[in-house]
2 protein chains.
Amino acid sequence: MAEETVRPWDETKIIGKPIPPVDGYERVSGAAVYPLDVILPNMLYGAILRCPHAHATVKKVDVGKAREMPGVRAVLTDADPETRIEWYAPMRFPGAPVAANSQASRLFDPHCRYEGEEVAAVAAESPQQAWDAVRTIHVEYETQPFVIDVEEALKPGAPAVQEGGNRARGFPGTKRGDVAKGFAEADVVLEETYRTSCLIHVPMEVHGSVAQWDGDRLNVWDTNQGPFGIQSDISRALKMPLSKVRVISNYMGGGFGSKQEAGKYTVIAALLAQKTARPVKLFLTREETFLCVGNRPAHVMKLKAGVKKDGTLTAFQLTAVNELGAYPTFSGVGGQAGELYQCPNVLIDETQAYINAGQSRAFRAPGYPEGNWALEQMMDALAEKIGMDPVELRLKNIPTVCQSSQNRPYTSTGLRECLTEGARVFGWREARSRPKGDGAWVRGVGVASGLWGPGSGPATVIVKLNSDGSVNLNMGAADLGTGTKTVAASIVAEELGVPLDRIRIENADTGTTQYSGVSGGSKTVSADGPPTRLAALEIKRFLLEMAAEQLKVPVANLDFKDGTIVVRGSAQKLAITELTQLRMQQEIVGVGRGRFVPGNKVVRSFATHFAEVEVNRHTGEMRVLRMLAAHDSGRVMNLLGYRNQVFGGFLQGLGLAMTERRVLDSDSGKMVNANFHDYKIPTAKDAPGEMTCLPIDPHDTECNILGAKGLGEPATVPAATAIANALHHAIGIRVTAAPITAAQVLTLLAEPKTRG
Amino acid sequence: MAEETVRPWDETKIIGKPIPPVDGYERVSGAAVYPLDVILPNMLYGAILRCPHAHATVKKVDVGKAREMPGVRAVLTDADPETRIEWYAPMRFPGAPVAANSQASRLFDPHCRYEGEEVAAVAAESPQQAWDAVRTIHVEYETQPFVIDVEEALKPGAPAVQEGGNRARGFPGTKRGDVAKGFAEADVVLEETYRTSCLIHVPMEVHGSVAQWDGDRLNVWDTNQGPFGIQSDISRALKMPLSKVRVISNYMGGGFGSKQEAGKYTVIAALLAQKTARPVKLFLTREETFLCVGNRPAHVMKLKAGVKKDGTLTAFQLTAVNELGAYPTFSGVGGQAGELYQCPNVLIDETQAYINAGQSRAFRAPGYPEGNWALEQMMDALAEKIGMDPVELRLKNIPTVCQSSQNRPYTSTGLRECLTEGARVFGWREARSRPKGDGAWVRGVGVASGLWGPGSGPATVIVKLNSDGSVNLNMGAADLGTGTKTVAASIVAEELGVPLDRIRIENADTGTTQYSGVSGGSKTVSADGPPTRLAALEIKRFLLEMAAEQLKVPVANLDFKDGTIVVRGSAQKLAITELTQLRMQQEIVGVGRGRFVPGNKVVRSFATHFAEVEVNRHTGEMRVLRMLAAHDSGRVMNLLGYRNQVFGGFLQGLGLAMTERRVLDSDSGKMVNANFHDYKIPTAKDAPGEMTCLPIDPHDTECNILGAKGLGEPATVPAATAIANALHHAIGIRVTAAPITAAQVLTLLAEPKTRG
């Protein structure tokens, strides 16, 4: 079925309702086999010895004792020729600038650029034996001077993390109009430096792989966000044809961006399995995941902004230094200032810097909550300065076209509705003017908007309607727990009238499903949903043709209603199963494929978050009392999943704003809080007492054949900033460096109020 | 790509060459995981208690002790309500007559109709513990009179195997012309009763399943010839949606027809797994497979034939009694006499009879080697009687149209070439006139022809061309060891120029591959080959379009050569991988689907086998010195696989002719040779000293878009009869009851020569 003839639904019966996850039972009962649960016959367990120094050179590795330890079946170090492969940090973003100055590292590179670099690996009969053996390996390190702060790293004479120096090519800057002219035209110009800390993804399931050789073919069970990317990484590292690398990740326990690429652990597991001719399971410990599998890097953002008294924005100038960690990756914060508001003069300049710490990886809207932290605090400050309500100032500057993309129109923009509907339901006006209290605890409310450009991508989905009317659905996409499978099943149920519990999904297996891109970029619905619908529509067309033949009625006179084919203007009808049974055991196969992007328009999801906080002016403590999120992500595909995404966004925003921060020790360069006790992710007890999700759902009819734009990342973009702005409303201070701690609050309260 | 625009290849580079199995390394190294090899974490082992009597009623089952045995986790008997499901012997042949008089049985039916019926089952921590427990189950049987011979079974007063009596509806008879008139016109009329024995399939891998529940979904690793049929059987038995039953059989160790359906063991494994909430492996012992999973049933065939002196056949009358075993199945022998020769008057009447023995199942050309045993010995006798060379008599009666199918034309018929070319290469004339020797050992040569109607069927195949030019191929068909995967890979290699070792196949998994019918009926090539080719052609078309865009040349000016796209009349060219790399990680997906049958014509494979034997007239011993098979199966897809099929056909023919026979004890009704020592399948030492495979390969351009008709079954159809005819040529006796034993030979030699 040609995509162009299909329009988004006008009415739906299942799509948009609160649908529980189709694999919920498996997930909560323990029946679901996550990669971490995989046990293969005769399996060994791997463990990795990692460099304990922030910066060091490996002089000598003695594994003599390790080889003799009980249960040990293989030890690998840089001395083993098969480990001398070229390892580049995989870059999963087409068109993303690969930072310069970086060389390929070896699997066990003697130049250890951060605490946690791989030095040796062991495979043994049990995890305990593997770890016991790792502990017997004696390594001579020559420690090197290190640098763990981006601003320090860029100074002359700083220790070089990469051979070419610590300054790496940044994102191409944005230059629009003339900022000098813009600032000159402004009535108010403010400038502030904002900082965000390095955060760790910490998904529930730790990272790891199980590798098993089947002749010259490699099967890998790996916890990831897209098996086809992992397949590609492994194939490149081991120089194997893609067809001989099978990556399976039917279930996975969260990623947030940290599982978009293969780790060295994946390849180490494969090599250990090859060496021992046995399957090898190599999963990281929680501590290792704090060090080695990515993070949301720290940023230093100097933002200067101009506004007229009437609220018209005249200029933004953003100068950012982005942390990379020890290897190149994706890191940029310009996405908000460049596009969220109508502004004729914009200059964005980003520099990326290596430091001696674990490499960053995409983390739920990479760079966007950070850029938002700067821009939306600045907007709040500008509003205050010109005496305008923060919501009003934002409404005044709603963009009409996509300024960062040749002024192309948006397929839809609900930012205005997010602000107005959000304010109305939140009770913004009342809350904003309500007395803040005169006790120790005072209250305040804040607002912040944000946007995100959800991706899309090519995918092929196969729907099989069985002879008994049940359905098998095969899709390549991984389900991160966000409900990708549930949405796909809902689409099929919507089109074919098949009950959800008769639909069985196989997904995320490069051997048996078809290509889908990584589940990231808030694009799973928009990339995998349309081909799912096309596949179902192909089946529908086939059924209509069968029915026409059976009923001796032209196809044009037939309608499809709730799993039944009815003849218009007649009582004649045929249930789907009356048709499928005619085909004996043979399924009806529908195939949907393609890449689904609107012609000349730009797709963006918009959001406005509101927060109410309570701050203790004596102790500096803060509590988030309630949050409301108004989202324009186009059509709601599953109201339950939608809410959960939004609430998760609140929590991760709260973490950025208030609790999370990787702490590197300035004396040793080592992470001092690589565990759940010292690295504090928000829990249910930290959650706002009241959380409201308000889908604006403007039924985008142009973004794709579903009308849904993408929600995962926008849900976290403005959350932290809304909290920071609420803090300012409560007690009049701005904490520009996240996270907001009681100590910072007390310090700032004690300072003379010179800040905006 | 529409099927109608595609023609079989004119020239090929890979197809037809001797290609080693693409999974040969895995199969011989032990890397291939057959269902018998599957080990799941926490798995239990099942064992079944079977009735030791040929006919009995279960009065009482005491499992009290079994439940207390070490390691036992579950015991199931007919007392457990979940076992009270309706079990019908699955009938996998659309349109095949289901024999009457049969009721559904229960899983543990108290009426045990044969030695080996299921009475109880146990799941325990080890196979040994399961068997120990089975042995403690005490059963009170009331034995019944039994019948184990079809002719006895049809006599009045015979013990009733099924409630409605032992006579079951047979195949619809053939009636063509007027046999009385035909016999009146004949110069010679002969009549003889031929018998074949019951043979056991004995594939290398015994039958069995591993069942694992994943919530409300059932995963079954099962050794079978078509997972979609097994899925359907399980779904029907357990009343589950097809989508929730996943059957996996990536590898399987032979079937010959015995693995076309689910066994009770499959469902018992599923129920034990459900009861214990653990995976259960239930594989039969070799002895059980002799009793319970099918056989090639015995037949009694009375054949009367008339011929004129000039060799013109005037009439065939065949009256057959076919053994069913204790339950209904497919069993008929009329396929040869009805069609192999031009004959205006034919009357075929078949009766099927139940006996107290294991049910038969399709066995490599079911009924055809048996029918051939009668027809082709008769042809030999007719030729002798009218003094004509047996090859000449056959050539005289080559059919021009398919007489058993409304005289529709054949897509191709190479029977004449099989006879003439076969005779030439075998040296028929010389061998036939050569002195037979005057010592104890005398020699003779024999010939027999045969035909088979290869099936076809719907299938969907998916070919994925990866960005590095390697290929993944997904197909539903099981590979019985006949090389289905190798043929599929060769088709893709032929079309796309991709080396075979860069093609990886996933197959036979109802969860992740698309429908294909059972691998049986010599139809795997003709059912699964065409969609494979269409899928590759779709990719080719896509590549040509990409190339046209890249090279700015119309598609019509491009040619595809050895994995490269060349511009006609120019040096410009593009390798496939230059195009695939443009697509980042995304594969190019080709889908082929459909059912591939020629419009109004009939597809038949033809064969003529020649045998030379040596017989000791003092001891009755016989050796097969050499065999030659001339086959018209259309295009040779893989010369190596072709030869192996033919040589395997010789061996199974030799088994039928000389060594194999299920022996039931007349006193007890029990099988006395249910093991490899007493049931003698031919081994390499029994093989003819010289085996020649002579493909006639007439390039059938009408049977389908490959030109290949199907070889698996024809290879065994005339083999036994050629041996029997060679025996007659050597020493002048006809052994009409297979197998030919030394004792029979001696007895017949001692008899006065009254036989033809």
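Values quoted throughout were computed directly from the atomic coordinates according to the rules given, and no laboratory measurement underlies them. Predicted model only: the values in this text are computed from it and were never measured. FYI the Cβ positions are ideal-geometry reconstructions off the backbone, even for glycines, and counts take in every protein chain you see.
Calculate the translational D of the protein assembly as shown in whole µm² s⁻¹ from Stokes-Einstein, where the hydrodynamic radius comes from the Kirkwood formula applied to all Cα pairs, the temperature is 20 °C and the viscosity 1.002 mPa s.
Numbers: Rh = 36.1 Å.
In µm²/s, the coefficient is 59.
The lysines whose alpha-carbon is closer than 18 Å to the alpha-carbon of A:K540, local same-chain residues fewer than 8 away aside, are A:K13, A:K464, A:K552, A:K561, A:K573.
State which stretch of chain B is the longest one without any exposed GluC sites (Glu not before Pro), exposure meaning a DSSP loop state and at most 13 other Cβ atoms within 10 Å. List each step's numbers first, then the result.
Working: sites that count: B:E11, B:E86, B:E163.
Longest site-free region, per DSSP loop and neighbour criteria: B:164-756.
Could you tell me the calculated FRET efficiency between A:V672 and B:D37, based on Cβ-Cβ distance and R0 = 45 angstrom, to the nearest 0.05? Working from the Cβ atoms, E equals 0.35.
Given 37 °C and 0.692 mPa s, compute D for the stretch A:189-282 with the Stokes-Einstein relation, Rh being the Kirkwood radius over Cα pairs; round to the nearest whole µm²/s.
Numbers: Rh = 14.3 Å.
Calculated translational D: 229 µm²/s.
Two decimals is fine: what is log10 I(q)/I(0) at q = 0.15, 0.17, 0.19, 0.23 Å⁻¹ for the stretch A:639-756, from a Debye sum with one equal scatterer on every Cα and no solvent? Each listed q corresponds, in turn, to -0.83, -0.96, -1.08, -1.29.
Entry note, the stretch A:309-397: relative contact order of 37 percent, from Cα contacts under 8 Å with a spacing of 6+ residues.
Please report the projected area of the stretch A:5-69's Cα convex hull averaged over all directions, in nm².
For the stretch A:5-69, averaging the hull's shadow over all directions gives 12.8 nm².
Its convex hull of Cα atoms gives chain B a direction-averaged projected area, equal to a quarter of the hull surface, of 34.2 nm². The mean of 1/r over all distinct Cα pairs in the stretch B:549-659, once inverted, gives the Kirkwood hydrodynamic radius of 20.2 Å.
In the stretch A:241-352, what is the volume of the convex hull around the alpha carbon atoms, normalised per residue and reported in Å³? Before the final figure, lay out each step's value.
Numbers: hull volume 21.0 nm³, N = 112.
In the stretch A:241-352, the Cα hull volume divided by residue count equals 188 Å³.
For the stretch B:120-150, the residues whose backbone nitrogen is under 13 Å from a point 7 Å from the Cα of B:D62, taken along Cα to Cβ, are B:136-141.
Which of the pairs B:K680/B:K709; B:K60/B:K670; B:K385/B:K709 have their Cα atoms more than 24 Å apart in this structure? Don't skip to the end; give the middle numbers.
Numbers: B:K680/B:K709 32 Å; B:K60/B:K670 22 Å; B:K385/B:K709 35 Å.
Violating the 24 Å limit, Cα to Cα: B:K680/B:K709; B:K385/B:K709.
For B:K175 and B:K308, what is the calculated FRET efficiency with R₀ set at 25 Å and r taken between the beta-carbons, to the nearest 0.05? Spell out each step's value before the answer.
On the way: r = 22 Å, r/R0 = 0.87.
About 0.70, to the nearest 0.05.
Let me make sure I get this right: for the stretch A:412-517, a, b and c are the square roots of the gyration tensor eigenvalues over alpha carbons, sorted descending. Under 1.5 in a/c it's rounded, otherwise prolate if a/b > b/c, else oblate. Which is it? Prolate, because a/c is 1.5 or more and a/b exceeds b/c. What the Cβ-Cβ distance of B:R429 and B:E163 gives, at R0 = 56 Å and to the nearest 0.05, is a FRET efficiency of 0.45. Farthest toward the positive end of the dipole of the stretch B:669-731, out of B:L694, B:L711, B:Y679, is the Cα of B:Y679, where the dipole comes from beta carbon charges about the Cα centre. Size descriptors for the stretch A:484-540, from the alpha-carbon set: Rg then Dmax equal 11.4, 31 Å.
Among DSSP beta bridges whose residues both lie in the protein assembly as shown, state the antiparallel percentage, nearest 5. Let's see the in-between values first.
Values: 202 of 259 bridges.
Of the beta bridges lying entirely in the protein assembly as shown, close to 80 percent run antiparallel.
At what distance in angstrom do the alpha carbon centres of the stretch B:28-92 and the stretch B:210-241 lie from each other? If you average the Cα positions of each part, the centres end up 16 Å apart. Loop-resident trypsin sites (Lys or Arg not before Pro) (DSSP state other than H, G, I, E or B) in the stretch A:143-183 with no more than 14 further Cβ atoms inside 10 Å of their Cβ: A:R169. Each copy carries a label point for A:T193 at 7 Å from Cα along the beta-carbon vector; from one copy to the others these points are 10.9 nm apart, nearest first.
A simple rule links phi to the HN-Hα coupling: the Karplus curve 6.51 cos²θ - 1.76 cosθ + 1.60 with θ = phi - 60°, which for the stretch B:404-421 gives 8, 9, 6, 6, 5, x, 7, 5, 6, 9, x, 4, 4, 5, 4, 6, 6, 5 Hz, with x for Gly and Pro.
Roughly how compact is the stretch A:199-239, stated as its Cα Rg over 2.2 N^0.38 Å to two decimals?
Taking the Cα Rg and dividing by 2.2 N^0.38 Å, one obtains 1.34.
Across the stretch B:476-586, the volume of the C-alpha convex hull divided among the residues equals 114 Å³ per residue. Inter-part distance, the stretch A:134-192 to the stretch A:550-628, computed on C-alpha centroids, equals 45 Å. The count of lysine pairs in the stretch B:134-272 that are at least 8 places apart or cross chains, and whose C-alpha atoms lie under 29 Å apart, stands at 5.
Is the C-alpha gyration tensor of the stretch B:509-549 telling us rounded, prolate or oblate? Criteria: a/c under 1.5 is rounded; beyond that, a/b larger than b/c is prolate, otherwise oblate.
Working: a/c = 7.01, a/b = 2.21, b/c = 3.17.
The shape class here is oblate.
Here the spin labels are modelled as points 7 Å beyond Cα on the Cα-Cβ line, and at B:E125 and A:A184 they lie 8.8 nm apart. Within the stretch A:300-392, DSSP assigns beta bridges of which about 45% are antiparallel (rounded to the nearest 5).
For the stretch B:313-448, the square roots of the Cα gyration tensor eigenvalues, ordered a ≥ b ≥ c, give a/c of at least 1.5 with a/b no greater than b/c, which places it in the oblate category. Extending 7 Å from Cα along the Cβ direction at B:A104 and again at B:V553 yields two label points whose distance is 6.4 nm.
Of all lysines in the structure, those lying under 19 Å Cα to Cα from A:K436, and not within fewer than 8 positions of it along the same chain, are A:K753.
Under the convention that each Lys and Arg Cβ holds +1 and each Asp and Glu Cβ holds -1, the size of the dipole of the stretch B:381-509 around its Cα centre is about 620 debye.
Name the residues of the stretch B:472-496 whose amide N is less than 17 Å from a point 7 angstrom out from the Cα of B:K13 along the C-beta direction? Residues passing the 17 Å test: B:489-496. Taking the Cα atoms of the stretch B:630-681, the ratio Rg/Rh between the radius of gyration and the Kirkwood radius comes to 1.23.
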